[in-house]
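Working notes, beginning with the structure itself.
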Amino acid sequence: MENEAATMKKGLQYWQQIIIILCLGWVVIWIYRSVLTPIFPEIQQTIGQHSDAQMGLIASFYFFAYTGMQIPAGILVDKFGKKVVLIPGFSLFAIAALVIGTAQSLEMIYLGSLLAGLGCGSYYGAAYSLSSENIPAEKRGLSTAIINSGSALGMGIGLIASSLLVKSVGMNWQIMLFIIAGLIVVMIFVFASVIKSSPKVDRSAVAKEKAAPKEKAPIKNLFTGRMIASYILYFATCYGYYMVVTWLPSFLQQERGFQGVAIGFSAALVAFSAIPGALFFSRMSDKFSTKKSSLHR
């Protein structure tokens, strides 16, 4: 009881702080990801008219860089620690937002998107390591859902904000990027102040651990029927989710005649409606955690 009282006086526990800051990190990332698509016509007023394929490459440069950075970032996290990778990655992300915000050509936006993808690519590995290492196992399902709900929240905010502020209010689209850069800088300071540095590793102990024989799981276990079904399900989920960001706002504008905030709000409904279900089923996952073991058989 005394320990619980002391914890309450100190405020949130470290693992709870991790949940909050990782959720906010995804919010900022997804605000950026979703903010440009609804305002492609306004962007072309600055950089000139381009084909749909050329404008679509803005997202492609981002996602190619983001995907390509996943494995290198994971290696860097294992070698140098989460904080050392996360802060420079978000610093590059902030620079990318400023590059796009000051761009006067499509090529500069491509460059900014590439840099943003590299910067954001450093986030997933560090965030996953932080959550898996610090969140109690019995709380992990719901906690992970809260963290990942930041992507839905950020997506909704980005879509609505860009269509409202730029299309309805008439704000310069570049100001949106400066606002995002400011949010990224705030998150950098939050990461620096909240995340604990990785403890120094006893290299002799690591060497002994590596020298000890380990039983390796057969590679074929990655290609069982259950695992392949999981891969397909996850791919389809991500594909549909990203299509909402990269294609739906433009489709609603050009093919269905939506205008102003209706563009962003209609697309954002997909994200907002996903949050309650994610929280509910993750809570059930924690409650009936023993039922999940069959997936690994």
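The values are calculated or read from the model by the stated rules, or taken from the named source; none is laboratory data. On a predicted model such as this, the values are computed, not experimentally measured, just so you know. So basically every Cβ, Gly included, is an ideal-geometry build from the backbone, and we count neighbours across all protein chains shown.
Any chance the range 51-58 includes a residue that's closer than 16 Å to Leu130 by Cα, crowded, with 17+ Cβ neighbours inside 10 Å and either modelled with pLDDT of 90 or more or not polar (S, T, N, Q) (or both)? Scanning the range 51-58, I find no residue that is closer than 16 Å to Leu130 by Cα, crowded, with 17+ Cβ neighbours inside 10 Å and either modelled with pLDDT of 90 or more or not polar (S, T, N, Q) (or both), so the answer is no. For the range 109-129, the condition of being β-branched (Val, Ile, Thr) and in a helix (DSSP H, G or I) holds for at least one residue. Taking the listed residues Ser162, Ser193, Ser230, Ser204, the one that is modelled with pLDDT under 80 and either more than 15 Å from the chain's Cα centre (by Cα) or not in a helix (DSSP H, G or I) (or both) is Ser204, with no other qualifying.
State yes or no: is Ser122 of a type in the set (S, T, N, Q), more than 16 Å from the chain's Cα centre (by Cα) and surrounded by 19 or more Cβ atoms within 10 Å (Cβ to Cβ)?
No; evaluated as a whole, the condition is false for this residue.
Taking every residue in the range 226-248 that is farther than 16 Å from Ala152 by Cβ and pairing it with any residue that is aromatic (Phe, Trp, Tyr) and loosely packed, with under 14 Cβ neighbours inside 10 Å, at least 6 positions away or on another chain, yields no pair with a Cβ-Cβ distance below 7 Å. Just to be sure before I move on: is Ile219 at pLDDT 70 or above, of a type outside the set (Ser, Thr, Tyr) and more than 19 Å from the chain's Cα centre (by Cα) in the structure I sent? Yes. Among the residues of the range 28-87, those identified as among the hydroxyl-bearing types (Ser, Thr, Tyr) and more than 17 Å from Gly125 (Cβ to Cβ) are Tyr32, Ser34, Thr37, Thr46, Ser51, Ser60, Tyr62.
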